[in-house]
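Encoded as structure tokens, the structure appears first; notes follow it.
The values are calculated or read from the model by the stated rules, or taken from the named source; none is laboratory data. This structure is a prediction, so every number in the text was calculated from the model and none was measured. So basically every Cβ, Gly included, is an ideal-geometry build from the backbone, and we count neighbours across all protein chains shown. To get the accessible areas, we keep the full protein, side chains included, count just its heavy atoms, and leave off ligands, DNA and RNA. Shrake-Rupley method; radii C 1.70, N 1.55, O 1.52, S 1.80 Å.
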Amino acid sequence: MSLGSNRPTFKPTPYGYTRRSRGIPRWLLLLVTGIVLGAGGVLFLQRSYGPQRLTVEQSEQLRMDLNTANLENQRLTNESKVLHQGIDKAQTAQKDQSAQVEQLRKHVADMEAGVSSLIAAIPPDPRGTSPGIRSADMVLQDDGLHYQVLLIQEPPKGETEVPNLRGEVKLVGIGTYPNGNTAYVGLGTQALDMGRYTVINGQTELPKAYRLHQVTVQIMAEGSDKIIATRTVRATAARR
């Protein structure tokens, strides 16, 4: 028996190994073609519908504009800080001023209460008029007569507010000359503008050789010669 004649003949099967040609695989060509087409499509879309690319000059201008905007923003931020600091200081100063005003109001209220107490303690005008001439000092000195007169108004009956009074205060001297003759001499007039109270003071010269004994204080309302209050006070020599 011959061994060569009985050897089985080789037949390729669908699952057997076959030697392929050395060309580029078809799947790789399809893959590369798809990539190229996809990249081209992206570039086309970017050029046709995407944002335009800036030139070098445009890019430089954009950078400069951005820097300018940043500097302006920093400047405005600093100004805003300064403005807020100024507002805070102003608010603090306003609070301090409000506190000071409140203290002054309390101080004024205390003073008014004290003045009211003093007014109530001052003896009334003997004539009972309003305004009343509560006190008057007439002091004779070498340069003439020095005077000080305290006038006080009372509120009308049933009211608490005192109306403002305008008019004038006239001083009339009663004295004698060396020959013994009595003479009435006008010693001056002052304008009057008062509320609850006021003090009239000043100095006036006397006629030569005139010896002053008494001074009459006369109060007249504005626009009228009628005397609404009067009081005669003795003139005294200044203490030396």
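Restricting attention to segment 207-237, the residues that are part of a loop (DSSP other than H, G, I, E, B) and either farther than 12 Å from Tyr147 by Cβ or open to solvent by 80 Å² or more (accessible area, probe 1.4 Å) (or both) add up to 9. Give all pairs with beta carbons closer than 6 Å in which a residue from segment 147-160 that is within 13 Å of Gln218 (Cα to Cα) meets a residue that is open to solvent by less than 50 Å² (accessible area, probe 1.4 Å) and assigned to a loop (DSSP other than H, G, I, E, B); count only pairs at least 6 apart in sequence or on separate chains. Pairs that qualify, where the first residue is within 13 Å of Gln218 (Cα to Cα) and the partner is open to solvent by less than 50 Å² (accessible area, probe 1.4 Å) and assigned to a loop (DSSP other than H, G, I, E, B), are Leu151/Pro131.
For Pro178, the conditions (1) over 30 Å from Val162 (Cα atoms); (2) modelled with pLDDT of 95 or more all hold with the exception of (2). Identify, please: which residue in segment 189-210 is touching a residue at least 40 places away in the same chain (Cβ under 8 Å) and of a type in the set (S, T, N, Q) and is, among those, farthest from Met138 (Cα to Cα)? Within segment 189-210, the match that is farthest from Met138 (Cα to Cα) is Thr198.
List every residue pair whose Cβ atoms sit under 8 Å apart, with the two residues 6 or more apart in sequence or on different chains, where the first one lies in segment 123-135 and is within 14 Å of Ile227 (Cα to Cα) and among the β-branched types (Val, Ile, Thr) and the second, anywhere, is open to solvent by less than 70 Å² (accessible area, probe 1.4 Å) and not in a strand (DSSP E or B). Pairs that qualify, where the first residue is within 14 Å of Ile227 (Cα to Cα) and among the β-branched types (Val, Ile, Thr) and the partner is open to solvent by less than 70 Å² (accessible area, probe 1.4 Å) and not in a strand (DSSP E or B), are Ile133/Asp125. Residue pairs whose Cβ atoms lie under 6 Å apart, separated by 6 or more positions or on different chains, with the first residue in segment 166-185 and closer than 19 Å to Ala209 by Cβ and the second open to solvent by 20 Å² or more (accessible area, probe 1.4 Å) and of a type in the set (Lys, Arg), are Gly175/Arg211; Thr176/Arg211.
If you scan segment 141-154, which residues turn out to be touching a Leu at 6+ places or on another chain (Cβ under 7 Å) and either farther than 22 Å from Thr129 by Cα or in a strand (DSSP E or B) (or both)? The answer is Gly144, Leu145, Tyr147. Against the criterion of being open to solvent by less than 80 Å² (accessible area, probe 1.4 Å) and out of contact with any helix residue (DSSP H, G or I) (no Cβ under 6 Å at 6 or more places or on another chain), Asn78 qualifies. Residue count for segment 121-140, restricted to those that are under 13 Å from Val233 (Cβ atoms), open to solvent by less than 20 Å² (accessible area, probe 1.4 Å) and assigned to a strand (DSSP E or B): 3. Out of all the residues in segment 123-136, is one or more within 49 Å of the chain's Cα centre (by Cα) and of a type in the set (Lys, Arg)? Checked segment 123-136: at least one residue is within 49 Å of the chain's Cα centre (by Cα) and of a type in the set (Lys, Arg).
Tell me, which residue of segment 155-190 that is open to solvent by 60 Å² or more (accessible area, probe 1.4 Å) and part of a strand (DSSP E or B) is nearest to Gly202 (Cα to Cα)?
Let us first name the residues in segment 155-190 that are open to solvent by 60 Å² or more (accessible area, probe 1.4 Å), namely 157-161, 163-164, 166, 168, 170, 177-179, 181-182, 184, 186, 189.
When the remaining residues are screened for being part of a strand (DSSP E or B), the result is 166, 168, 170, 182, 184, 186, 189.
Details: Arg166: 19, Glu168: 14, Lys170: 12, Thr182: 24, Tyr184: 19, Gly186: 14, Thr189: 10 Å.
My answer is Thr189.
Of all the criteria given as (1) at pLDDT below 85; (2) closer than 28 Å to Asn201 by Cα; (3) more than 46 Å from the chain's Cα centre (by Cα), the one not satisfied by Val139 is (1).
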